[in-house]
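Data first, discussion second: the structure below is written as structure tokens.
The values are calculated or read from the model by the stated rules, or taken from the named source; none is laboratory data. Keep in mind that this is a model prediction, so the values were computed, not measured. Here the Cβ positions follow ideal geometry from the backbone for every residue, glycine too, while neighbour counts run over all protein chains shown. With ligands, DNA and RNA removed, areas are computed over all heavy atoms of the protein, side chains included. Shrake-Rupley method; radii C 1.70, N 1.55, O 1.52, S 1.80 Å.
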Amino acid sequence: NAPSVRIVSVGGQTAPTDPRASLDFPGADATVPTGGAQLVVIDAQYVPLDWVVGVRAVPKGHIDFSIRAAFAGGDETHSTWQATVPLDSGFTVLQVRAYEPTATATAGETEESADAETSKVAPDEPTP
């Protein structure tokens, strides 16, 4: 079976199983009540426990960044990972990925090995 990862929730809000990553209202996949650090929960299937699972955040109009998730439980057939991601007010697209680390790779040079999911997160109120 091929490895796969998906975002389960952001800031306690359930993420859809088929996210659309719309960058406008009312199309947000999830809405968190406030900005700041938000817990992102990730479901992984058939991901070896020595792989890296990470979240890439792309705030609308700002520079993207990545955060490595921490293993929370499970085994290689089904595991849960968590990352605390700082979210400003406004729209942010989140992508999750899992990959096998290599000794010669540097940050950003590893190949994505698991399915990526994109999820759009927005605050309760739109910002100009």
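Among all residue pairs at least 6 apart or on different chains, which show Cβ distances below 6 Å where the first residue, located in the stretch 65-83, is free of Cβ contacts under 8 Å to residues at least 24 places away in the same chain and more than 14 Å from residue 39 (Cβ to Cβ) and the second is hydrophobic (A, V, I, L, M, F, W, C) and assigned to a strand (DSSP E or B)?
As it stands, the answer is 65/57; 71/81, since those pairs meet every condition given.
List, please: which pairs have Cβ atoms under 6 Å, are six or more places apart or on different chains, and start with a residue in the stretch 16-35 that is more than 16 Å from residue 59 (Cβ to Cβ) and end with one that is of a type in the set (Asp, Glu)?
Every condition considered, the pairs that remain are 16/29; 19/29; 33/124.
I'd like the full set of residues that are open to solvent by 60 Å² or more (accessible area, probe 1.4 Å), in a strand (DSSP E or B) and in contact with a Gly (Cβ under 7 Å, 6 or more places away or on another chain), limited to the stretch 50-73.
66, 68
For residue 47, work out the one condition from (1) open to solvent by 40 Å² or more (accessible area, probe 1.4 Å); (2) touching a residue at least 40 places away in the same chain (Cβ under 8 Å); (3) outside any strand (DSSP E or B); (4) not basic (Lys, Arg) it doesn't fulfil.
(1)
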